[in-house]
Amino acid sequence: MIATVTLNPSLDKTVTVDGLVVDEANRWTSLRRDPGGKGINVSRVLHELGGETVAYGFIGGIDGNILKHLLEQQGVPSDFTPIKGDIRSNFIITDLKTRRQTRIDAPGPCVSASELESLIDKIVHIKSKPAFIVFAGSVPPGVPDNIYSLLIEGAESYGVKTVLDSDDEWLKEGIKAKPNVIKPNVHEAEELLGTELKTEEDIVQAAKTLVAQGIEVVLISRGKHGLIAANKDEVLKVTSPKVEVRNTVGAGDSAIAGLVLKLSQGDGLEEACRLAAAAGAATAMTPGTELCRREDVERLLPQVKIERL
């Protein structure tokens with residue numbers, strides 16, 4: 001089983017418009033609501049790919065009830081910690097004419113010390129010991145910047161492997177606890193290492209440096225250029241299948257789901273990266289905040305190219 005933790009979940013509301021016009025009334029052509037938050041996305045994809053998962057995190061308000069209901073409809077198990085505040089609503093506007101997306105994200109609710117303590121207690125006492133816990137996404141107001149470090153240390157103290165996918169201070173603080181897997185993009189890796197990564201060789205060296213700092217597996221995402229993956233034994237250049245990109249929301253989360261699912265099954269880094277790239281590309285094909293479909297992932301798997309560096 002793979003657990004995920006989403007400290008700042010959201011109800012993502014996607015509208016499509018046929019040509020967005022500023023300072024004018026715009027009428028949407030479709031509306032879609034999806035459970036949001038990076039960890040929740042990972043659980044949704046794990047479930048779609050046949051993996052066993054449970055989504056943990058904070059939940060509150062009317063939109064929180066809708067989010068939980070949507071997960072239940074999709075068959076994704078969850079065990080949320082209730083809070084008094086309302087979870088965030090994120091808005092995604094997709095312009096059908098330009099094929100461009102505009103995201104409007106909320107910061108999230110304030111979380112009290114007692115609510116945070118309840119979640120920490122739940123995470124460090126998960127009844128069925130997971131193979132991995134994925135900690136992902138932003139942190140709401142009231143939660144300290146080092147929360148991921150604390151949670152990772154707690155999980156690893158009872159032998160559970162951890163994955164961290166966040167940014168800014170949450171990532172910088174979190175990697176101090178040496179999670180087993182991280183997936184920064186190029187910009188986030190630059191922030192972590194305090195240097196520009198202008199070339200592929202720079203990115204490869206960055207991945208090696210992070211592994212040398214005690215991270216077991218490092219994935220650096222390069223958008224349409226694919227992934228650079230490294231562990232102590234090998235460095236891989238992963239080229240994703242070419243697809244018509246309709247959506248970038250959740251592609252990275254889908255990649256993490258594919259990677260961790262294979263690692264949890266005992267597969268090596270190459271096969272894990274193959275599923276990661278296929279899942280990310282399959283999500284990019286879908287509209288709005290819809291995530292990958294299993295049949296698309298399976299069709300794209302043979303198209304992933306992997307080169308050892």
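Where a number appears in this text, it was derived from the coordinates with a stated rule and is not lab data. For clarity, every value in this text was computed on a predicted model and none was experimentally measured. Here Cβ is always computed from backbone atoms with ideal geometry, including for glycine, and neighbour counts include all displayed protein chains.
Here are some notes:
- Angstrom value of the Kirkwood radius, inverse mean 1/r, which spans all Cα pairs in the stretch 19-63: 13.7
- Cα point-scatterer Debye curve for the stretch 67-146, base-10 log of I(q)/I(0) at q = 0.11 Å⁻¹: -0.44
- Rounded to 5, the percent of DSSP beta bridges in the chain classed as antiparallel: 45
- Set of lysines near residue 127 by C-alpha distance (under 30 Å), chain-local residues within fewer than 8 positions excluded: 38, 68, 84, 161, 172, 176, 178, 183, 262
- Rg ratio (alpha-carbon, reference 2.2 N^0.38 Å) - the chain: 0.96
- Assigned charges on the beta-carbon of Lys, Arg, Asp, Glu; the chain dipole about Cα centre (debye): 640
- Dipole of the stretch 2-308 [Lys/Arg +1, Asp/Glu -1 at C-beta], most positive-end residue of 214, 181, 110: 181
- Contact order normalised by residue count of the chain, Cα under 8 Å, 6+ apart, percent: 16
- Restricting the stretch 187-278 to trypsin sites (Lys or Arg not before Pro) in coil, as DSSP defines it, with at most 16 other Cβ within 10 Å: 198, 232, 242, 246
- With an a/c value of 1.5 or above and a/b not larger than b/c for the gyration tensor axes a ≥ b ≥ c computed over the alpha-carbon atoms, the stretch 27-107 is described as oblate.
- Peptides ranked, highest mean first, by Cβ atoms within 10 Å: ranges 130-139, 151-160: 130-139, 151-160
- Rounded to the nearest whole Hz, the Karplus-based 3J(HN,Hα) values (6.51 cos²θ - 1.76 cosθ + 1.60, θ = phi - 60°) of the stretch 175-180 follow the sequence 6, 4, 8, 6, x, 6, with x at glycine and proline.
- Karplus 3J(HN,Hα) series, Hz, for the stretch 23-36 with 6.51 cos²θ - 1.76 cosθ + 1.60 (x for Gly, Pro): 6, 10, 6, 10, 9, 6, 9, 7, 9, 9, 10, 9, x, x
- Bridges between two residues of the stretch 1-146, per DSSP, are antiparallel at a rate of about 35%.
- Of 45, 17, 204, the one that fluctuates the most in a GNM where the chain has Cα springs shorter than 10 Å: 17
- Within straight-line cross-link reach of residue 224, aspartates and glutamates at Cα separation under 13 Å, skipping those fewer than 8 residues along the same chain: 244
- Shape class for the stretch 141-183, computed from the alpha carbon gyration tensor (a ≥ b ≥ c): oblate, with a/c not under 1.5 and a/b at or below b/c.
- Considering only the stretch 79-221, percent of DSSP beta bridges that pair antiparallel, nearest 5: 35
- Cα shape, the stretch 261-305, gyration tensor, a/c 1.5 rule: prolate
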